[in-house]
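The values are calculated or read from the model by the stated rules, or taken from the named source; none is laboratory data. If you're wondering where the values come from, they're calculated on a predicted model, not measured in any experiment. Neighbour counts run over all protein chains shown; Cβ positions are idealised from the backbone, glycine included.
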Amino acid sequence: MSGVVGALAPIFLLILLGYVIRRLKLLEAGFWEPAERLTYFVLFPALLLENMATAELRGLQVLPMAAALVGGVLVVAGLLISLRPRLGLNGPAFTSVFQGAIRPNTYVGLAAAAALSSEAGITLAAISVATVTPLVNVLSVVVLARHAGEAEASTGRTLASIARNPLILAVAGGAALNWTGIGLPPVVDPVIDILGRAALPLGLLAVGAGLNIPAARTAGRTLLPTAGLKLVLLPGLTWLACLAFGVEGVTRTIAVLMSALPTSASSYILARQMGGDHGLLAAIITVTTLLAILTLPAAAILAG
């Protein structure tokens, strides 16, 4: 137990440091958006590409793990849609609860997987990203189009962006280099490696800088139930699915860990684009990130 907590503690300390840096205005406010773009489009793709290109994929239960991840997301999504008439939420608020309950923060997940299981953890986390990211984006776009009343053109643009997602492209490219035996060229490999090493600290600092405590204070009664769905029910369902599909060891630990992540900050951008309640979603992102300090280590321990 102490080993898991010790491994994950630096992640949340970096998130806290990012919040403190922004709160104290040690950097210009305009720093964070370019930093997030650099992380999303360059640094994290470099990390995933390098890891997937050199990973040892034999012995990893990739397909059963993917099935467990997808199964958990679909059950939570189906539960929310079926309960929609009873929740007492308007359309935009419902879409924010929906996104908050299923969309994981990839930055935190990759850092946590690396801390717990080094290269194998990053490989499994990368496979999780490639599996879950398209699914939760499609589900979120469909629900936003249905309940936030935006035009179909917005749905089409967002679906097209999934195909251009740099994280998914990096995983696919790295897997292709791995399976073909080509690997990364000798000159390129060290450059990709250096870029990848910068991804986790800068990404976690940006997560902390994006926390919105005032929004969390005023969001109301939907916060804790949504956090419960994201941080407790979803990883619990994934754990049960792993048992059903025979997923064991580090593969099961990373699958449950990736399901127990706080809500993705990118869900806020989608909410703003398609008419969701972005104020509520900012609160959900903040609360799930803070609660994950307790729930993420617990999920990793129980899954191990």
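Structure notes:
- Selection count, region 75-96, where residues are outside any helix (DSSP H, G or I) and aliphatic (A, V, I, L, M): 2
- Within region 217-228, considering residues that are under 21 Å from the mean Cα position of the chain (by Cα) and surrounded by fewer than 19 Cβ atoms within 10 Å (Cβ to Cβ), the one nearest to residue 303 (Cα to Cα): 228
- Residue ID - modelled with the highest pLDDT, chosen from residues in region 47-105 that are of a type in the set (D, E, K, R) and crowded, with 18+ Cβ neighbours inside 10 Å: 103
- From the list 12, 31, 41, the lone residue that is of a type in the set (Phe, Trp, Tyr) and crowded, with 20+ Cβ neighbours inside 10 Å is 12.
- Test for residue 191: is it among the β-branched types (Val, Ile, Thr) and over 29 Å from residue 86 (Cβ atoms): yes
- Among the residues examined, residue 281 qualifies as among the aliphatic types (A, V, I, L, M) and crowded, with 24+ Cβ neighbours inside 10 Å.
- Helices (runs of 4 or more DSSP H) contained in region 1-74 and holding at least 1 residues farther than 27 Å from residue 99 by Cα: 2-23, 44-54
- Which listed residue is of a type in the set (A, V, I, L, M, F, W, C), without any contact (Cβ under 8 Å) to a residue 60 or more places away in the chain and within 30 Å of residue 253 (Cβ to Cβ), from 63, 110: 63
- Meets criteria (in a helix (DSSP H, G or I) and surrounded by fewer than 24 Cβ atoms within 10 Å (Cβ to Cβ)) for residue 290: yes
- Residue ID - surrounded by the fewest Cβ atoms within 10 Å (Cβ to Cβ), chosen from residues in region 163-212 that are part of a helix (DSSP H, G or I) and β-branched (Val, Ile, Thr): 180
- Applying the set (1) modelled with pLDDT of 90 or more; (2) within 25 Å of residue 45 (Cβ to Cβ); (3) under 20 Å from the mean Cα position of the chain (by Cα) to residue 191 leaves exactly one unmet item: (3).
- Qualifying residue in region 264-271 (condition: more than 14 Å from residue 12 (Cβ to Cβ) and in contact with a Lys or Arg (Cβ under 7 Å, 6 or more places away or on another chain)): yes
- Looking at 247, 256, just one residue is touching a Phe, Trp or Tyr at 6+ places or on another chain (Cβ under 8 Å), crowded, with 24+ Cβ neighbours inside 10 Å and over 15 Å from residue 106 (Cβ atoms), and that residue is 256.
- Of residues in region 213-225 being among the hydrophobic types (A, V, I, L, M, F, W, C) and assigned to a helix (DSSP H, G or I), the one nearest to residue 18 (Cα to Cα): 213
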